[in-house]
1. Of all residues in the range 38-51, which are without any contact (Cβ under 8 Å) to a residue 12 or more places away in the chain and within 16 Å of Arg78 (Cβ to Cβ)?
2. In the list Asn21, Asn3, which residue meets the criterion of being over 27 Å from Val83 (Cα atoms) and surrounded by 15 or more Cβ atoms within 10 Å (Cβ to Cβ)?
3. Being within 9 Å of the chain's Cα centre (by Cα) and hydroxyl-bearing (Ser, Thr, Tyr) narrows it down to one of Ser26, Ser49, Ser73, so name that one.
Amino acid sequence: MANTTSAKKAVRKIARRTAVNKNRRSRVRTFVRKVEEAIAAGDKTAAESALKAAQPEMMRAATKGAVHKNTASRKVSRLSRRVKALNG
C-alpha cells in the first residue's frame, strides 16, 4: 500500500488513466468488431463504411497511448486488405 502523499496521488492518477485507456481500447474493439461482422456477412459497402469509421478511432487510440502506433497501423492494414479482398 502507498504510504507517502505523492504515492497515493500517483495511485489515483494511474487508476484514472487505466479507466480512460480501457474505455478507448473497448471502443476500438467495438469498431473493429463491426468491420469483422460486415466482412463475415460479405457486405463490401458496409465493411468499407465500418472501416472508414474504425480507422480514425484506432489511430486516435494510438495517439493517446492506449495502443501502440504500430499495432494500430497493423490492424488497419490487415482489415483494409480483407475489405479490399471482398467481391461485392
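1. Ala40
2. Asn21
3. None of the others qualify; the one that does is Ser26.
The numbers here are math on the coordinates, done by the rules we state, and not lab data. Values in this document were obtained by computation on a predicted structure and should not be read as measured data. Neighbour counts are summed over all protein chains in view; Cβ atoms, including those assigned to glycine, are modelled from backbone coordinates with ideal geometry.
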